[in-house]
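See structure below.
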Amino acid sequence: MKKLSGFLRPAIFAVLIALSLLTGCSKVAFEGTDITGVDFGGDFTLVDHHGKARRLADFNDKVVALFFGYTHCPDVCPTTMAEYAAVMKTLGSKASQVQVLFVSLDPERDTPALLAQYVPAFNPGFIGMTGTPQQVAEVAARYKVVYQKQGSGADYTLDHSAGSYLLDRKGRLRVLENYGAAPSVLAKDLNTLIEE
């Protein structure tokens with residue numbers, strides 16, 4: 001029996017090595033959907049909630065959590081923003097290495113002044129971004145975000161994609177986080193990117 005187990009140990013080790021080579025063992029494991037290498041996304045310029053033109057590339061020294069929504073959203077947006085606020089507390093001192101960006105899909109109502117009230121209420125370090133309807137549409141299309149106005153008058157709503165993206169320090173899309181992902185999931189994936 002000892003000879004058999006002595007023989008099996010190297011065989012099992014060889015099989016594990018072969019499997020790791022086949023599955024790409026060097027690939028980072030994320031809790032969210034790994035989208036590393038996708039051919040969409042990229043740099044963009046919008047106005048932040050201070051009225052200053054900002055590029056996504058301005059944040060290349062940080063891991064970025066990118067979320068598209070609007071301030072009048074009744075559920076998805078405040079929930080997601082609250083989850084990221086909770087995550088920042090979980091990350092502790094590492095939170096300074098993460099930038100949360102909230103891109104408004106509702107430039108008609110979401111002025112920089114309104115974003116300045118809404119976005120930092122979740123966390124003072126979060127940044128709201130907006131632009132002209134055309135600029136916002138171009139950025140949303142670049143990130144494959146779908147949105148559509150529902151209703152008319154001042155009380156319209158927007159149906160929109162509910163996930164968020166995580167980008168590494170080089171501005172590359174790495175993870176798609178589904179709406180409702182637990183703060184522990186978001187924290188793990190952000191921490192993985194921080195540690196890279």
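The table for this structure:
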{"quantity": "Solvent exposure, largest accessible area first (probe 1.4 Å, DNA, RNA and ligands not counted), of Ser104, Ser184, Ser161", "calculated": "Ser184, Ser161, Ser104"}
{"quantity": "Tilt relative to the chain, helix 183-195 - C-alpha long axis, 0 to 90 degrees, to 10", "calculated": "70 degrees"}
{"quantity": "The chain: relative contact order in percent, alpha carbon pairs under 8 Å with at least 6 residues between", "calculated": "31 percent"}
{"quantity": "Theoretical gain in end-to-end length, Ala137 to Tyr156 [0.36 nm per residue, Cα-Cα removed]", "calculated": "5.1 nm"}
{"quantity": "The chain: calculated mean residue ellipticity at 222 nm from DSSP helix runs of at least 4, using -39500 (n - 2.57)", "calculated": "-12000 deg cm²/dmol"}
{"quantity": "Angle between the chain longest axis and helix 112-122 axis [Cα atoms, degrees, rounded to 10]", "calculated": "40 degrees"}
{"quantity": "3J(HN,Hα) from dihedral phi, the stretch 74-79, Karplus parametrisation 6.51/-1.76/1.60, rounded to Hz, x for glycine, proline", "calculated": "x, 9, 4, 5, x, 5"}
{"quantity": "Between the stretch 52-82 and the stretch 129-196, the alpha-carbon center distance in angstrom", "calculated": "7 Å"}
{"quantity": "Length gained when the stretch Ser96-Asp58 is fully extended (0.36 nm per residue, less Cα-Cα span)", "calculated": "12.2 nm"}
{"quantity": "Residue pairs, from the table Lys52/Lys149; Lys62/Lys188; Lys149/Lys188; Lys144/Lys170; Lys94/Lys144; Lys94/Lys188, whose Cα atoms sit over 23 Å apart", "calculated": "Lys52/Lys149; Lys149/Lys188; Lys94/Lys144"}
{"quantity": "Rounded FRET efficiency, nearest 0.05, which uses the C-beta distance separating Ala85 from Ala29 and R0 of 25 Å", "calculated": "0.50"}
{"quantity": "Per residue accessible area in Å² of the chain, where ligands, DNA and RNA are left out and the probe is 1.4 Å", "calculated": "53 Å²"}
{"quantity": "Fraction of beta bridges assigned by DSSP in the chain that are antiparallel (%, nearest 5)", "calculated": "65 percent"}
{"quantity": "Label selected from (i) 30; (ii) 40; (iii) 36, the criterion being percent of Cα pairs over 25 Å apart as computed here", "calculated": "(ii)"}
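The values are calculated or read from the model by the stated rules, or taken from the named source; none is laboratory data. Because the structure is predicted, anything quoted here is derived from the model rather than measured. With ideal geometry, Cβ positions are generated from the backbone for all residues, glycine too; neighbour counts draw on all protein chains shown. When the accessible area is computed, the model is the full protein with side chains, heavy atoms only, and any ligands, DNA or RNA have been set aside. Shrake-Rupley method; radii C 1.70, N 1.55, O 1.52, S 1.80 Å.
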